Protein chains: 2
Amino acid sequence: MKTTANVLSKVNSADDLKKLSPEELNLLSGEMRELIIKKVNETGGHFGPNLGIVETTIALHYVFNSPVDKIVFDVSHQCYPHKILTGRKEGFINPEDYSKYTGYTAPEESEHDFFKVGHTSTSVSLAVGLTKGRDVLGGKENIIALIGDGSLTGGEALEGLNNAAVLNSNMIIVVNDNDMSIAENQGGIANMLTELRNNNGKVKNNFFEALGFEYFYVNDGHDIQKLIEVFNKVKDTQHPVVVHIFTQKGKGFKPAEEDKEPFHWILPHELDRLNEAPTQSGEDYNSITKDYLLNKVKEDSSVVVMTAATPGVFGFNKEFRNKLGANYVDVGIAEQHAVGMASGIAKAGAKPVLCLMSSFVQRTYDQLSQDLALNNSPATILIYWGGISGADATHLCTFDISLISNIPNIVYLAPATKEEYLKMLDWSVNQKEHPVVIRVPGDLKSAGVSDETDYSVLNKYQMVEKGSEVALIGLGDFSEKAKKVKELLKDKLNISATLINPKFITGVDEEMLSGLRADHKVVVTMEDGELDGGFGEKIARFYGSSDMKVLNYGSFKEFTDKTPMPELNKRYRLTPELIAEDIEKLIK
Amino acid sequence: MKTTANVLSKVNSADDLKKLSPEELNLLSGEMRELIIKKVNETGGHFGPNLGIVETTIALHYVFNSPVDKIVFDVSHQCYPHKILTGRKEGFINPEDYSKYTGYTAPEESEHDFFKVGHTSTSVSLAVGLTKGRDVLGGKENIIALIGDGSLTGGEALEGLNNAAVLNSNMIIVVNDNDMSIAENQGGIANMLTELRNNNGKVKNNFFEALGFEYFYVNDGHDIQKLIEVFNKVKDTQHPVVVHIFTQKGKGFKPAEEDKEPFHWILPHELDRLNEAPTQSGEDYNSITKDYLLNKVKEDSSVVVMTAATPGVFGFNKEFRNKLGANYVDVGIAEQHAVGMASGIAKAGAKPVLCLMSSFVQRTYDQLSQDLALNNSPATILIYWGGISGADATHLCTFDISLISNIPNIVYLAPATKEEYLKMLDWSVNQKEHPVVIRVPGDLKSAGVSDETDYSVLNKYQMVEKGSEVALIGLGDFSEKAKKVKELLKDKLNISATLINPKFITGVDEEMLSGLRADHKVVVTMEDGELDGGFGEKIARFYGSSDMKVLNYGSFKEFTDKTPMPELNKRYRLTPELIAEDIEKLIK
């Protein structure tokens, strides 16, 4: 790899790009691709999307004048080439700088980044806003939204397209069509794009022209000169245009070109292990969920397993999806529709099980409220990854309790063990009374005995161990933390604390909590999520008019950004030791 | 009106309809229209949408076999003809039964209603769910979604269309195109529909065909026989179809045909007052907001006033909109896009002011979080109608505090008086630090003196009157309630309670609240919204580890449905007398 950075060494800003010859631009794309492969293999991160967009990014920066002209990256998980070209190449060249820049656009890093973005389908709306702002301020710059075919199916993107189409001024939407969402792209839009690709952009019914856009098609989205040509054509246009480019996700790394889904995002050193036999991973919540669903579908063909574009998060690989057959639906990036559809399936008398990541359930508040809860539709929703983590600010999973648990009628459950989880899941799938959401825990714990709880009796907490003076309520996977605090209190203060597993996030077990008043001074809640609007505050309110003291543990209302867990545990006083310390101070 | 109910008297169910001659069907439509005009004039309600859909509803029930075949009404504010034909006509004939049925589809009323619906753009997703449920259960019935052109611009509807297009089974989407949203319809979709109408359904680029639907056009959506013909054609089809029908909103009532917007929804007896001179309404929050915005736009052309299809809610009539000119944007039913766009406008350096109803801000959680809050975009959002009311279950406005106030970075303000409101609004529009949401109060109260607060100092509550023993914190328009409780405590118990106006919903004034510990036993919060996840719980949590007792007042986590306010005030103990009673019990 001796050529690496030969051309790139001349490129310290997007301006430098404009001095390069066509041949140098091609060499540059190869060098950038090498850097991306090497770096992402070291650090993990989005792989296929970045390899696919190298030439487009070069052409965009060659033609447009960033940051005066403004490029908005949808999801922005394809912004690595952009970062390389806008003064941040050392973060890709030098291993010691690998963690210097985030995996998403970040205005704090560069004037070439306009928004912190990590959820899909927002770029068109954000760009329409930049356009309107430019127009009322009298600016003349180009506004460009770069959006993938997968992101195009999200409601906000479609709402944005509808409004972008009638702007009487410059706005350029680049549709980066690689024929993939994270998994296969879904729906009429995917078919429409396929037809355009198959016909070199010329079809009977052009979707974009129907909406009012001028439309351009580039068949080879890796041909820099062709891209430059079309971008030059649309530059400074005074009406909204769509430039539809066909690119290859994973371009330049053969295994990723051939099997796109597993290379969308990779773990550190995943490329080094390609030839190793896949390690047999042990039992976890993904595997037991899959086993349950497969068996359930076999015995009851009315069960419909649903995802919204992220089957990989749940371990739903192609084999599993194929086994489910017609009992599996991936709606694509369309979380709102997924919840509405789940409600419809339930009302038809069938049994939907919709799997969503905590961060993405945020798109569905109104659907949870109106389509689902108001109709008491007996759908099951599984929320994955909910909890405090060192995640990127755009993908935090700390808000789902606050989001979901304050909506009437929804039963939101937090299992602490595998047995509870399976019992809750089975109860939920088979019942016809409530919309049920279950927060799938992280680490698998087994209670060793099966759970015989009747979950149709709502809001009954489990008294794990009755003690006195202090009651510890650990929600879901924080029940382990509560156990450890109990041990510390015993060791340090000789207190036999009461241990409660609440199971129900959405309700207060008034009978049990009232009972604690007799011989308890302090109730401590621990939840794996934001305190504001969360579970603990309901307990604090319940005891507000009594002498009971209440301590609530969880995360603060803030966007953390790759903040390491030890730091968060300290900040939020979430270790058993710190919690025991606080309790000691309070009762002394 | 002697003909009234001549034909209708023979129609007690949808089945009876099938026995009528074409002439009788036409007479029936006239009779139904008369009933709707008379009833809605008495009770108030949705007017134009129902007059426009009479013939379509007759034709649907003539051709299809409800409730085996299932019709899902989008928003369902056009379901009056459907109710008349499905066993509920007495609710339109007999004045004493006028309030017997809700203004929306309601499964508890009839087996012909499948969902409780009041928010737009959900019908396609719900119907896709019914379709999938039917298919896995082996059913054969027709599934029909009836959706208006206005609703079609909402993200969930577009996500739904994308997925409906690839169903390999029966699904019929009837697009009721009356060339109107609540106000004018907006965007590329509206233009696309106009072109279809202008060309009798034949255009170069057919949007629906591009997505994969079979497409039918009916130029006269009031010609029952033509509608019957097309519905017969698509009945039992085994692939997704779109039937695009052109109807006239307000059909049969001339003033509503000529000026559609004011007749979308009318107040009781509004039709009787058509020839009266418009009453000069006094100053209210609508009028002072409009005055402020007009003046602001005059002095600063970077201010952009935004709505999402409901300008009438804010009193933004055509005259006002025209005055704002290019500084006004109605994005149509596209709340997610509106928030994203507002963030973009703010990032461009201009000043967006987005007006939304509390109930509809529910569609924007993720946009508030990701597009706006994470980016700290200094946009201003005004939330109207937030508060406990006797509204329909589908339009409750009690959840916005819980929804918005637990998102990091957003400053959510609750003014108690006109002066505070205007000061907050002006501060928000001019500042560049925070996304700011302001909860526009209901009744206008004047403090009599201008507000000089510097709102850039966050989370500083106002100590209105320092007392002792009991502190009363009334949020926003509940500050009046707090004042009354204070008077009662003085009269009944000779307690000089402390009165606090918190102003900031999103933060706790720890300094002020800590200071209360010295000479207060009880802190009472009052908020006009849901307790769960709300403002009061944050105060309860703050005092959790102290001896301070806390009482929280607000509404329960429940969907109420046209429940009268006196009943709710009793249920939630929200009158000053009940609150004072509780306080007395607690401190005695």
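Of all the residues that make up the range B:507-529, how many are crowded, with 24+ Cβ neighbours inside 10 Å and acidic (Asp, Glu)?
Final tally of qualifying residues: 2.
To keep it simple, each residue is scored yes or no on (1) more than 30 Å from A:Leu372 (Cα to Cα); (2) aromatic (Phe, Trp, Tyr); (3) outside any loop (DSSP other than H, G, I, E, B).
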{"residue": "A:Gly442", "(1), (2), (3)": "no, no, no"}
{"residue": "A:Asp451", "(1), (2), (3)": "no, no, no"}
{"residue": "A:Val457", "(1), (2), (3)": "no, no, no"}
{"residue": "A:Lys460", "(1), (2), (3)": "no, no, no"}
{"residue": "A:Val470", "(1), (2), (3)": "yes, no, yes"}
{"residue": "A:Ile473", "(1), (2), (3)": "no, no, yes"}
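Could you tell me which residue of the range B:242-287 is farthest from the chain's Cα centre (by Cα), considering only residues that are of a type in the set (Gly, Ala, Ser) and in a loop (DSSP other than H, G, I, E, B)?
Going through the qualifying residues, I end up with B:Ala277.
Select from the range B:188-234 the residues that are closer than 19 Å to B:Lys249 by Cα and facing chain A (nearest Cβ under 9 Å) and list them in ascending order.
Passing the criteria: B:Ile189, B:Ala190, B:Asn191, B:Met192, B:Glu195.
From the list B:Tyr292, B:Tyr285, exactly one residue is farther than 30 Å from B:Ile53 by Cβ, buried (at least 19 other Cβ atoms within 10 Å of the Cβ) and modelled with pLDDT of 95 or more. Which is it?
The match here is B:Tyr285.
Give the residue that is farthest from the chain's Cα centre (by Cα), with candidates limited to residues of the range A:110-123 that are among the small types (Gly, Ala, Ser) and surrounded by fewer than 24 Cβ atoms within 10 Å (Cβ to Cβ).
Selected residue: A:Ser110.
Could you say which residue among B:Glu209, B:Glu257 is modelled with pLDDT under 95 and either crowded, with 16+ Cβ neighbours inside 10 Å or acidic (Asp, Glu) (or both)?
After ruling out the rest, the residue left standing is B:Glu257.
For residues that are touching a residue at least 40 places away in the same chain (Cβ under 8 Å) and assigned to a helix (DSSP H, G or I), scanning just the range B:124-151, find the one that is farthest from the chain's Cα centre (by Cα).
Looking at residues that are touching a residue at least 40 places away in the same chain (Cβ under 8 Å) and assigned to a helix (DSSP H, G or I), I get B:Thr131.
Mind listing just one residue for me: the one in the range B:541-567 that is within 23 Å of A:Ile587 (Cα to Cα) and of a type in the set (S, T, N, Q) and, of those, nearest to the other protein chains (Cβ to nearest Cβ)?
B:Ser545
Being among the acidic types (Asp, Glu) and more than 19 Å from A:Asn232 (Cβ to Cβ) narrows it down to one residue among A:Asp97, A:Asp69; which is it?
The unique qualifying residue is A:Asp97.
If you check B:Gly507, B:Gly515, which single one turns out to be modelled with pLDDT of 95 or more and within 34 Å of the chain's Cα centre (by Cα)?
None of the other options fit; the residue is B:Gly507.
For the range A:208-219, how many residues are touching a strand residue (DSSP E or B) at 6+ places or on another chain (Cβ under 9 Å) and outside any loop (DSSP other than H, G, I, E, B)?
8
Select, from A:Val485, A:Val457, A:Val436, the only residue that is of a type in the set (A, V, I, L, M, F, W, C) and touching a Leu at 6+ places or on another chain (Cβ under 6 Å).
It is A:Val485.
For residues in the range B:218-248 being touching a Phe, Trp or Tyr at 6+ places or on another chain (Cβ under 8 Å) and under 18 Å from B:Ile36 (Cβ atoms), which is surrounded by the fewest Cβ atoms within 10 Å (Cβ to Cβ)?
Step by step, filter the range B:218-248, then rank; the result is B:Ile224.
Kindly indicate the residue of the range A:399-410 that is of a type outside the set (Gly, Ala, Ser) and crowded, with 24+ Cβ neighbours inside 10 Å and also nearest to the other protein chains (Cβ to nearest Cβ) among those meeting that condition.
Among those that are of a type outside the set (Gly, Ala, Ser) and crowded, with 24+ Cβ neighbours inside 10 Å, it is A:Asn406.
For B:Leu493, work out the one condition from (1) of a type in the set (A, V, I, L, M); (2) surrounded by fewer than 21 Cβ atoms within 10 Å (Cβ to Cβ); (3) closer than 26 Å to A:Asp532 by Cβ it doesn't fulfil.
(3)
Go through (1) among the hydroxyl-bearing types (Ser, Thr, Tyr); (2) within 12 Å of another protein chain (Cβ to nearest Cβ); (3) surrounded by fewer than 24 Cβ atoms within 10 Å (Cβ to Cβ) for B:Ser181 and report which single condition fails.
Of everything listed in (1) among the hydroxyl-bearing types (Ser, Thr, Tyr); (2) within 12 Å of another protein chain (Cβ to nearest Cβ); (3) surrounded by fewer than 24 Cβ atoms within 10 Å (Cβ to Cβ), B:Ser181 misses just condition (3).
Of the residues B:Val68, B:Val63, B:Val54, B:Val72, which is touching a strand residue (DSSP E or B) at 6+ places or on another chain (Cβ under 9 Å) and of a type in the set (Val, Ile, Thr)?
Being touching a strand residue (DSSP E or B) at 6+ places or on another chain (Cβ under 9 Å) and of a type in the set (Val, Ile, Thr) holds for just one of B:Val68, B:Val63, B:Val54, B:Val72, which is B:Val72.
Report, by residue number, each residue of the range A:526-540 that is at the interface with chain B (Cβ under 7 Å from one of its Cβ atoms) and out of contact with any Lys or Arg (no Cβ under 8 Å at 6 or more places or on another chain).
A:Gly533, A:Lys538
Which count do you get for residues in the range A:152-174 that are hydroxyl-bearing (Ser, Thr, Tyr) and part of a loop (DSSP other than H, G, I, E, B)?
Final tally of qualifying residues: 1.
How about the range A:80-102: which of its residues are among the small types (Gly, Ala, Ser) and either modelled with pLDDT of 95 or more or within 21 Å of B:Lys347 (Cα to Cα) (or both)?
Once the filter is applied, which keeps residues that are among the small types (Gly, Ala, Ser) and either modelled with pLDDT of 95 or more or within 21 Å of B:Lys347 (Cα to Cα) (or both), the range A:80-102 yields A:Gly87, A:Gly91.
Would it be correct to say that B:Lys570 is free of Cβ contacts under 8 Å to residues at least 60 places away in the same chain, out of contact with any His (no Cβ under 7 Å at 6 or more places or on another chain), away from chain A (no Cβ under 14 Å) and surrounded by fewer than 19 Cβ atoms within 10 Å (Cβ to Cβ)?
yes
Collect the residues in the range B:378-398 that are closer than 18 Å to B:Met565 by Cα, at the interface with chain A (Cβ under 10 Å from one of its Cβ atoms) and touching a strand residue (DSSP E or B) at 6+ places or on another chain (Cβ under 7 Å), keeping them in residue-number order.
B:Thr398
Can you pull out the residues in the range B:335-377 that are of a type in the set (S, T, N, Q), surrounded by fewer than 24 Cβ atoms within 10 Å (Cβ to Cβ) and in contact with a strand residue (DSSP E or B) (Cβ under 9 Å, 6 or more places away or on another chain)?
Result: no residue meets the conditions.
Looking only at the range A:26-55, filter to residues that are within 25 Å of the chain's Cα centre (by Cα) and of a type in the set (S, T, N, Q); which one of those is surrounded by the fewest Cβ atoms within 10 Å (Cβ to Cβ)?
The qualifying residue surrounded by the fewest Cβ atoms within 10 Å (Cβ to Cβ) is A:Thr43.
Could you list, in sequence order, the residues of the range B:75-93 that are buried (at least 24 other Cβ atoms within 10 Å of the Cβ) and basic (Lys, Arg)?
Passing the criteria: only B:Lys83.
Please work out if A:Leu271 is within 25 Å of B:Leu158 (Cβ to Cβ) and surrounded by 14 or more Cβ atoms within 10 Å (Cβ to Cβ).
no
Is there a residue being small (Gly, Ala, Ser) and in contact with a helix residue (DSSP H, G or I) (Cβ under 7 Å, 6 or more places away or on another chain) anywhere in the range B:423-434?
no
In the set A:Ala308, A:Ala334, which member is in contact with a helix residue (DSSP H, G or I) (Cβ under 8 Å, 6 or more places away or on another chain) and facing chain B (nearest Cβ under 8 Å)?
Exactly one residue qualifies, and that residue is A:Ala334.
The values are calculated or read from the model by the stated rules, or taken from the named source; none is laboratory data. Since the structure is predicted, the reported quantities are computational estimates derived from the model, not experimental observations. Here the Cβ is made from the backbone with ideal geometry for all residues, glycine too, and neighbour counts use every protein chain on show.
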